[in-house]
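Q: Please see the structure below; I have some questions.
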Amino acid sequence: DAKTTQPPSMDCAEGRAANLPCNHSTISGNEYVYWYRQIHSQGPQYIIHGLKNNETNEMASLIITEDRKSSTLILPHATLRDTAVYYCIVRGISGNTPLVFGKGTRLSVIA
Amino acid sequence: DTGVSQDPRHKITKRGQNVTFRCDPISEHNRLYWYRQTLGQGPEFLTYFQNEAQLEKSRLLSDRFSAERPKGSFSTLEIQRTEQGDSAMYLCASSQARAGDTQYFGPGTRLTVL
């Protein structure tokens with residue numbers, strides 16, 4: 001079973017920041033938080049991952065709370081092409097384990 | 001780096017037929033994963049390889065399913081005696097073995113069993 005809890009859906013106005021929350025209250029010290037997204041009928045796309053520090057790349061920022069029990073993915077300027085299902089996944093540092101997907105958050109970016 | 005590729009992208013078959021899918025990982029990636037995704041659900045793990053060794057299989061992988069990665073490069077997933085319940089998107093992902101490795105997914109093969 002997935003170790004994360006996400007809202008089933010969210011809306012965001014085009015051009016505004018999209019903030020997607022994720023709860024992972026049982027995360028252990030040797031587990032990363034990964035974010036993927038899946039645009040309709042395509043394979044999942046890697047976005048970002050982090051352990052305990054905040055991370056930023058060209059796609060998004062990942063903010064992890066100090067107790068590591070929750071995180072937020074931020075898309076700074078959402079576009080219509082960001083409409084997708086976003087998955088928050090907790091996975092061990094060793095990396096030799098599969099990804100366990102929940103149902104994710106369906107983000108709709110509205111013009 | 002051309003990304004993970006999968007072939008075919010779509011497959012329609014009749015119940016009872018055998019089907020085979022192919023996955024070509026990103027070059028130099030030594031880990032290869034297969035997942036299955038049904039409508040409205042997130043992807044579910046089926047099996048994974050490190051080089052040519054199949055290291056883990058999910059209980060979802062019934063005895064009608066077999067996967068190979070004979071030379072540690074491309075992989076095939078075969079389903080024998082297909083059933084309507086096998087209709088799904090079959091996804092392949094690859095990664096480079098290291099701590100915190102990132103899996104990159106292909107476009108998937110959509111299977112429809114009539």
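The values are calculated or read from the model by the stated rules, or taken from the named source; none is laboratory data. Quantities reported herein were computed from a predicted structural model and do not represent experimental measurements. Cβ sites come from the backbone with ideal geometry, for glycine too, and all protein chains shown count toward neighbours. Just so you know, the surface numbers come from the protein's heavy atoms only, side chains and all, with ligands and any DNA or RNA stripped out. Shrake-Rupley method; radii C 1.70, N 1.55, O 1.52, S 1.80 Å.
Q: Subtract the Cα-Cα distance of residue B:63 and residue B:50 from 0.36 nm times their separation in residues, and report this length gain in nm to one decimal.
A: Extra length available between residue B:63 and residue B:50 comes to 2.6 nm.
Q: How about the stretch B:40-65: which of its residues lose at least 10 Å² of accessible area in the presence of all protein chains relative to their chain isolated, using a 1.4 Å probe?
A: Relative to the lone chain, where solvent access is computed with a 1.4 Å probe, the stretch B:40-65 loses at least 10 Å² at B:40, B:41, B:42, B:43, B:45, B:48, B:56.
Q: Further question: For the protein assembly as shown, list the cysteines whose Cβ sits under 4.7 Å from no other cysteine Cβ?
A: Cys with no partner Cβ under 4.7 Å: A:12.
Q: Would you mind computing, in nm to one decimal, how far apart the modelled labels at residue B:38 and residue A:19 are, each placed 7 Å from Cα along Cα→Cβ?
A: Going by the 7 Å Cα→Cβ label model, 3.7 nm.
Q: Size of the protein assembly as shown along its principal axes in angstrom, Cα-based, largest extent first?
A: 49, 38, 33
Q: Further, regarding this structure: Compute the distance in nm between two label points, each set 7 Å from the Cα along the Cα-to-Cβ direction, one at residue B:2 and one at residue B:14.
A: 3.5 nm
Q: Given a 1.4 angstrom probe, I'd like the percentage of the accessible area of the stretch A:1-104 that is carbon and sulfur, rounded to a whole number.
A: So the carbon and sulfur contribution to the accessible surface is 48 percent.
Q: Let me ask you something else. Distance cut-off 25 Å, Cα to Cα: go down the list A:3/B:71; A:3/B:57; A:69/A:103; A:3/A:52 and report the pairs above it.
A: In this structure, A:3/B:71 lie more than 25 Å apart at Cα.
Q: Efficiency by 1/(1 + (r/R0)^6): what FRET value for residue B:80 and residue A:5, r their Cβ-Cβ distance, R0 = 30 Å, to the nearest 0.05?
A: E(calc), rounded to 0.05, equals 0.20.
Q: Determine the order of B:52, A:66 by accessible area, beginning with the largest, at a probe radius of 1.4 Å.
A: A:66, B:52
Q: What does the charge count near residue A:32 come to, summing +1 for each Lys or Arg and -1 for each Asp or Glu among other residues with Cβ under 15 Å from its Cβ?
A: With Lys, Arg at +1 and Asp, Glu at -1, the neighbours total +3.
Q: Based on the alpha-carbon gyration tensor of the stretch A:1-95, what equivalent-ellipsoid semi-axes (square roots of 5 times the eigenvalues) come out, in whole Å, largest first?
A: Largest first, the stretch A:1-95 gives 22, 14, 12 Å.
Q: For the stretch B:1-85, take every pair of Cα atoms, bin their distances at 5 Å starting from 0, and report each bin as a whole percent.
A: Result returned by the calculation: 3, 13, 23, 26, 20, 10, 4, 0.
Q: OK, next. So, in Å, what gap is there between the alpha-carbon centers of the stretch A:33-111 and the stretch B:40-114?
A: If we compute the Cα centre of each part, the gap is 22 Å.
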